[in-house]
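Structure first, commentary second.
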Amino acid sequence: MSEKIIFVGPSGAGKTTLRKVFFEGESSTKLLEYALEPTYGEESLIMRLPGLNQDVGIFDLAGQENKRWLDTDEKRIFIGTKLILVVIDISSSYDEIVKFTRKIIDLRDALTPSTFIFVLLHKIDLVSEKKVREIKSVIKSNFSNGSLLNFLFTSLKREYFAQTFSYFIDIMKICLQDILPDEGLLLNMVDESLKIIQQIDSEVIVSKDDLYEKLNRPDKLVNFLIESLVNKGHVEIKNVENKDLLSLTNKGRVIYKKISKDFSPASFDKPESRSITKKLTVEEKAPSFIGALIANKDGISLLNIELFDNALKNFISQSVPNDDTIIPFDLELIPMFISALEKFSLELNIQDLTGFGLKGSNLKMHIFSFDNYTVTIFMNPNINLKAIENKINNYFKNLFEAHKDKFEMGIKTGKLDDLFPLKETGRTWLEELNKSYQNMVFNSEIMDKENAQVLYSKIDDLYDDINKEFSVTLEKVKKLKVDIMKSIIEKDFEELKKISNIAQEIKNRFVT
Ligand SMILES: Nc1nc2c(ncn2[C@@H]2O[C@H](COP(=O)(O)OP(=O)(O)OP(=O)(O)O)[C@@H](O)[C@H]2O)c(=O)[nH]1
Ligand SMILES: [Mg+2]
C-alpha cells in the first residue's frame with residue numbers, strides 16, 4: 001500500500017525546507033541560515049514505514065510553476081492524493097492567503113473530493129501574535145474548518161519547532177489512517193452517537209419516532225441516552241396527542257452545544273483538534289496523569305479523583321478548541337456517554353472502547369472497564385500508557401475490592417459520602433503514579449511521545465555540533481531523525497530507546 005502527500009504553495013513559502021527537515025532529517029538551523037534554491041518542477045521521495053508495511057510518496061511542487069500545477073492538465077498530479085499540504089508564508093497578504101487556499105479547495109473538490117487539505121500558515125516567527133490572531137479571524141470568516149480542511153500555524157524556529165514536528169506526526173498519522181481500520185471505525189461511531197443530541201438541538205422539538213428514524217441507530221441506545229438526559233434535566237419529554245416530543249432544556253442547550261463538538265477518539269488526535277483557534281505557544285502543559293472518573297455501568301458518577309482541585313474541569317475545558325467563553329462543563333456527562341456506548345457496543349459494532357477520547361491536543365482519555373464500574377483516566381496525550389497500564393488496572397481492581405460495600409451502598413442509596421475519603425487517597429496515588437512515570441522516563445526505562453520530541457530537537461542540535469568533516473556521521477544523524485519520526489508513527493518505543501542510545505554514543509564520540 002502507498003499513499004501520496006503533495007506540498008504546494010507560493011514560491012519561497014518554505015515547502016522544501018519543511019520537507020527536508022521532517023522527511024529527510026536535514027538540520028533546521030542550517031536550512032534557515034542558508035536558503036535553498038527554488039525548486040524546479042517536482043521533487044519527490046518515498047518514505048518507508050516498515051512497521052506499518054506502508055510507503056508514503058511525498059511530492060514537492062515548485063511554487064514558480066504553480067500555473068502549471070493548478071491551471072493546466074498537469075493538475076492531474078493531485079488525483080488520488082491522500083493529503084495536500086498547502087504552505088503559505090504567514091506574512092503574505094490576507095487576500096493572497098484566502099485566494100490561494102480557495103483555489104486549492106476548488107481544485108480538490110473538482111478532482112479528488114476526499115483528499116484532506118492542511119493549510120500551513122508558515123513562518124509564524126516572522127509576525128506578531130496580534131497578526132496571527134487577525135489572520136485566524138480572517139480564516140474564520142472565510143472558511144469553515146471541517147474534517148477535510150484544517151489550518152495549522154507553523155515555524156521551524158526553535159520556539160515552535162517541537163509543536164510543528166508534532167503537527168507533522170499527526171499529518172502522517174492522518175495519511176495512514178486507512179490502515180488502522182479499528183480506530184477509523186471508532187471515529188465514526190462516536191460521531192454517530194452524537195447525532196442524537198444534534199438532532200434534538202437543531203429541531204428544537206422532535207418526536208421520539210422521528211428521532212429513531214432520522215438516526216437510524218438501535219432504539220435501545222437512543223432510549224438509554226434519552227432516559228439519561230431526562231434524568232439529568234437536560235432533555236424534557238412532553239406527551240402531546242400520543243406522541244413523545246423531546247426538547248432540550250435551557251441547561252441542556254448550553255451544555256450540548258459544547259459537548260457535541262468535543263467527543264472523538266483521542267487515540268488519533270483528529271486534526272480538527274488542532275484547529276485555527278488553538279493557541280500554539282501558550283498552552284498549559286498537562287501533567288502525565290490528571291485524574292479519573294469512576295462511574296457505575298449506568299453511567300452514574302460515583303467518584304472523581306483529581307491531581308488537584310478542579311484539575312479535570314480545568315484541563316477538559318482547556319482542551320476544547322474555540323473556547324473563548326467559559327461554558328459550564330458537566331463532567332458527569334462523560335461517564336454517561338461512555339456507559340451508553342459500552343452498553344450498546346455490540347450493536348454499535350464497537351470493538352474496543354478504550355480508543356474514545358475528548359478532542360483536544362492537550363488531553364487524552366482512556367477507559368478501563370471493570371465488572372461493575374468504568375474508570376476513565378485523563379492524561380497527557382503524549383503518554384506511553386502501555387508502560388503503566390497494569391499499575392492503573394491493579395489500583396482500581398484493589399480499590400473496588402477493598403471498598404466493595406461502600407461502592408455498593410453508594411449506588412443503592414445515591415449517598416456518596418462514604419466514598420469521599422477515597423478522593424484523598426486517590427490523589428496521593430495519582431501523585432505517586434505521576435512520579436513513578438516520570439522516573440521511568442527519566443531513567444530511560446521507557447520512551448513516550450514527549451521525550452521523543454525532546455530527543456528529536458536534541459538530535460537536530462547534535463547535527464550542528466558535529467564538525468562538518470565527519471560527513472558519514474552527519475548522514476547517520478540525519479537518518480536517526482527520520483527514524484524517530486517513523487518510530488513515533490509506528491508507536492515503536494523500543495526503537496526510540498535504541499535511537500536515543502545511538503545518539504548518545506555519537507555525541508560522546510564526536511562532540512567535545
Ligand atoms: N523565518 C523563517 N524562514 C523560513 C522558515 N521555513 C523556511 N524558511 C525560509 O524560507 C525560504 C524559502 O524556503 P523554501 O523551502 O525554499 O521555499 P519553497 O516553498 O520550497 O519555494 P519554491 O521551491 O520556490 O516553491 C528559505 O530561505 C528558508 O530558510 C521558518 O519557519 N521561518
Ligand atoms: Mg521548494
Fill in the blank from the handout: Farthest towards the positive end of the dipole of the range 2-179, among G14, L149, N53 and with Cβ unit charges of +1 on Lys and Arg and -1 on Asp and Glu, lies the Cα of L149
Exercise for the section: Work out the FRET efficiency for D465 and A35 from their Cβ-Cβ distance, taking R0 = 22 Å, and round it to the nearest 0.05. Expected result: 0.50
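May I ask you to derive the FRET efficiency for V138 and K412 from their Cβ-Cβ distance with R0 = 51 Å, giving the value to the nearest 0.05?
FRET efficiency, V138 to K412: 0.35.
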Exercise for the section: Give a residue-ordered list of calculated ³J(HN,Hα) values for the range 103-119 (Karplus: 6.51 cos²θ - 1.76 cosθ + 1.60, θ = phi - 60°; whole Hz; x for Gly, Pro). Expected result: 4, 5, 4, 4, 4, 4, 4, 7, 9, 8, x, 8, 6, 6, 10, 10, 9
Practice task
Provide the packing ranking of 381-393, 57-69, i.e. peptides ordered by the mean count of other C-beta atoms within 10 Å per residue, highest first.
Solution key: 57-69, 381-393
Handout entry: Cβ crowding within 10 Å averaged over residues, with 234-244, 158-168, 290-300 ranked highest first
Key = 290-300, 158-168, 234-244
Exercise for the section: Distance check, please: which entries in K173/K313; K20/K479; K140/K313 exceed 18 angstrom between their Cα atoms? Expected result: K173/K313; K140/K313
Exercise for the section: Starting with the highest mean, order 127-140, 17-30 by the number of other Cβ atoms within 10 Å, averaged over the residues of each peptide. Expected result: 17-30, 127-140
Completion exercise
For the R509, S444 Cβ pair and Förster radius 25 Å, calculated FRET efficiency rounded to 0.05 is 0.85
Completion exercise
Between N384 and residues 5 or more places away or on another chain, the pairs with built amide H atoms under 5 Å apart involve K449
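Every number here is computed from the coordinates shown, using simple stated rules; none is lab data. Bear in mind the structure is a predicted one, so any value in this text is a computation, not a measurement. Methodologically, a virtual Cβ is constructed for each residue, glycine included, from the backbone with ideal geometry; neighbour enumeration extends over all protein chains shown.
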